[in-house]
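Participant: Take a look at this one; I'll ask things after.
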Amino acid sequence: MKRIVTLTIAAVLTLAVNINAQAQDHQHHMNMQKMSSTSELQSTATKTNALTTATKNRAVNNAICPVSGDPIEGGGEKVVYKGHEVNLCCSGCEKDFNKDPDVFLDKAMKSKKTSPVESKPQSNATTPLNNKTCPVSGKAVGSMQKGSKVDYKGYEVGLCCDGCIRKFNENADTYLQTMLSEKK
């Protein structure tokens, strides 16, 4: 008999605790539902605006990072500002970009328009110059970093390292003319 009473008391206590927990959970759920109904509408509107904005973003396609001045390699990082998707060389530049985005957006737009390094269209092949020395440093092509090259005006120009890409871009016409005249 004592055992039945003990089991009954344990069952009643378990049931009471369970009912109390469910009631608290239900009350918490109702409070969250009231609080979130407004924020859900705002969140949905924000997401809709973000999707609309994302479809309107225009890629700047800048070849030079507007923050560091280094070439964009391997895709780099992207940041969206005023509907423009700007390429950055690395994630570290995003913080600096956000400090003065108007200035850096302007630099990126100029890099897009004036950058002599053009990505090679798949249908157009470039002519390798097969130059042995870097036109920028005078060192052997690939001596500092294998595979360093730029495609410019239909020519593939070998460089000693990726660090020379920026300097090449600054005077690309001069470097190319010099290299072509030396080939003759």
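Participant: Of all residues in segment 126-184, which are basic (Lys, Arg) and closer than 20 Å to GLY69 by Cα?
Facilitator: LYS149, ARG166, LYS167, listed by residue number.
Participant: Can I ask one more? Kindly indicate the residue of segment 162-171 that is surrounded by fewer than 19 Cβ atoms within 10 Å (Cβ to Cβ) and in contact (Cβ under 8 Å) with a residue 24 or more places away in the chain and also nearest to SER137 (Cα to Cα) among those meeting that condition.
Facilitator: Only one residue fits best here, namely LYS167.
Participant: Mind listing whichever residues of segment 140-161 are of a type in the set (Gly, Ala, Ser) and free of Cβ contacts under 8 Å to residues at least 24 places away in the same chain?
Facilitator: Across segment 140-161, the qualifying residues are ALA140, GLY142, SER143, GLY147, SER148.
Conditions (1) modelled with pLDDT of 50 or more; (2) surrounded by 15 or more Cβ atoms within 10 Å (Cβ to Cβ); (3) farther than 24 Å from THR178 by Cα, marked per residue:
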site: ARG58; (1), (2), (3): yes, no, yes
site: ALA63; (1), (2), (3): yes, yes, no
site: LYS78; (1), (2), (3): yes, no, yes
site: ALA140; (1), (2), (3): yes, no, no
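Participant: Of all residues in segment 80-119, count the ones that are hydroxyl-bearing (Ser, Thr, Tyr) and at pLDDT 90 or above.
Facilitator: Looking only at that region, the number is 1.
The values are calculated or read from the model by the stated rules, or taken from the named source; none is laboratory data. Owing to the predicted nature of the structure, the values given are computational and were not obtained by experimental measurement. We place every Cβ from the backbone using ideal geometry, glycine too, and count neighbours over all the protein chains shown.
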